[in-house]
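What follows is a single structure, and I will ask about it in a moment.
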Amino acid sequence: MQARFGARPTIADWQQIEATREVGALLQLLRGGPLGRWTARLPARPGLHEIERRLREEWMHAVDEVARWQPEHWRGATRWMRWIVYLPSLQKIARGGRALAWMRADSVLGPIVARGPTERAAALRGTPLEPLQSGFTEPPDVAHAWSRHWQSLWPRAQADRMPLARVLALLRETRARLAEAPPEASSRELLRALERRLALVFRRCPLSPAATASFVSLMMLDQQRLRGALAVSSLRDAPVAPP
């Protein structure tokens with residue numbers, strides 16, 4: 001993790017990534033840099049849904065890889081973080097939102113949205129997402145159900161749990177502030193502040209579950225920023241439909 005942390009993109013890397021307008025050129029740039037692992041399996045001209053699908057797959061592989069580096073009693077909590085990538089979609093589904101075509105084609109969401117809105121919580125039974133059933137109650141809050149189960153997987157030692165609680169508090173605080181921000185506001189400064197604070201936990205709590213949780217959270221921030229750059233480039237390259 002220390003090596004991966006040290007190889008994260010710099011400010012200059014992000015400036016170059018976000019200044020590259022054409023998706024093919026962007027993919028070529030990425031594959032030679034620290035974010036190449038996320039894009040290695042993307043075709044030369046991926047559409048937006050292909051980008052999203054591949055990034056979800058790479059995220060799951062990446063979290064599983066980090067979990068394999070951990071002592072056995074830390075692994076469950078680390079593996080549970082693989083589902084972070086699905087929380088916004090699951091929240092939409094829990095609210096009874098219309099299932100989009102890509103959700104129906106997704107291996108995780110497809111079996112859930114195939115059910116009627118009142119049956120979707122039951123579709124989680126017997127799956128790795130079963131602990132999220134409580135997030136489908138009224139009012140739906142899938143993120144709360146996710147965090148409650150995550151805490152149940154933490155190591156029992158108080159010395160391990162206290163730094164993890166700080167990481168969870170950072171994530172909750174940022175989520176709340178993003179939810180309160182006006183629609184025209186930028187999230188960039190809030191996410192940069194979260195990044196700095198997670199990096200501080202990573203450095204101050206080496207060889208601990210909190211360092212792992214901070215690292216995975218930083219990995220998600222990097223992937224989400226990359227996702228935005230790829231989406232903008234992909235949509236810019238997309239053919240304009242006739243009126």
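What FRET efficiency do you get for Arg21 and Glu57 if R0 is 35 Å and r is their Cβ-Cβ distance, rounded to the nearest 0.05?
Efficiency, from the Cβ-Cβ distance: 0.85.
Is the C-alpha gyration tensor of region 129-233 telling us rounded, prolate or oblate? Criteria: a/c under 1.5 is rounded; beyond that, a/b larger than b/c is prolate, otherwise oblate.
oblate
Rounded to the nearest 500, what is the chain's calculated 222 nm mean residue ellipticity when only DSSP H runs of at least 4 contribute -39500 (n - 2.57) each, over all residues?
It comes out at -19500 deg cm²/dmol, rounded to the nearest 500.
So which trypsin sites (Lys or Arg not before Pro) in region 152-216 are both in a DSSP loop and have at most 12 other Cβ atoms within 10 Å of their Cβ?
Passing both the DSSP loop test and the Cβ count: Arg156.
Using the Karplus curve 6.51 cos²θ - 1.76 cosθ + 1.60 with θ = phi - 60°, work out ³J(HN,Hα) for each residue of region 151-159 in order, rounded to whole Hz, and write x for Gly and Pro.
4, 5, 9, 5, x, 7, 5, 4, 5
For the ranges 227-234, 112-119, what's the packing order if you count other beta-carbon atoms within 10 Å of each residue, average per peptide, and put the highest first?
With the highest mean Cβ count within 10 Å placed first, the list reads 227-234, 112-119.
Suppose every K and R has +1 on its Cβ and every D and E has -1 on its Cβ; what is the size of the dipole of the chain about the Cα centre, in Debye to the nearest 20?
Its charge dipole is roughly 320 debye.
Please turn the phi angles of region 5-21 into ³J(HN,Hα) values with the Karplus equation 6.51 cos²θ - 1.76 cosθ + 1.60 (θ = phi - 60°), one per residue in order, whole Hz, x for glycine and proline.
Per residue, the Karplus-derived 3J(HN,Hα) values read 4, x, 9, 4, x, 8, 4, 5, 4, 5, 4, 5, 4, 7, 8, 8, 8 Hz.
Give, as ranges by residue number, the residues of region 25-67 whose backbone N falls under 16 Å from the point 7 Å along Cα→Cβ of Ala199.
34-35
Ok, one more. Per residue of region 194-204, in order, report the coupling 6.51 cos²θ - 1.76 cosθ + 1.60 (Karplus, θ = phi - 60°) as ³J(HN,Hα) in whole Hz, putting x for Gly and Pro.
With coefficients 6.51, -1.76 and 1.60, one gets 4, 4, 4, 6, 5, 4, 5, 4, 4, 6, 7 Hz.
Name the residue from Val232, Ser208, Ala181 whose Cα lies farthest towards the positive end of the charge dipole of region 178-237, charges +1 on Cβ of Lys and Arg and -1 on Cβ of Asp and Glu.
Ser208
Sticking with this structure for a sec: Hey, what's the per residue convex hull volume over the C-alpha atoms of the chain, in cubic angstrom?
Output value, Cα hull per residue: 151 Å³.
Cα-based Rg (one decimal) and Dmax (whole number) for region 64-121, in Å?
Just the Cα atoms of region 64-121 yield Rg and Dmax of 14.4, 41 Å.
In Å, what Kirkwood hydrodynamic radius results for region 77-159 from the alpha-carbon pair distances?
Taking the inverse mean of 1/r over all distinct Cα pairs, region 77-159 comes out at 13.1 Å.
Counting only the backbone N, which residues of region 140-159 are under 12 Å from the spot 7 Å out from the Cα of Arg68 toward its beta-carbon?
none
How would you classify region 1-81 from its alpha-carbon gyration tensor, with a ≥ b ≥ c the square roots of the eigenvalues: rounded for a/c under 1.5, else prolate if a/b is greater than b/c, otherwise oblate?
Oblate.
Now for a separate question. Could you tell me the center-to-center distance, by alpha carbons, between region 20-71 and region 128-159 in angstrom?
Going from one Cα centre to the other spans 28 Å.
Only the coordinates and a few stated rules stand behind these numbers; no lab work does. Computed from a prediction, not measured in an experiment: that's the story for all the values here. Ideal geometry is used to build each Cβ from the backbone, glycine not excepted, and the neighbour counts take in all protein chains shown.
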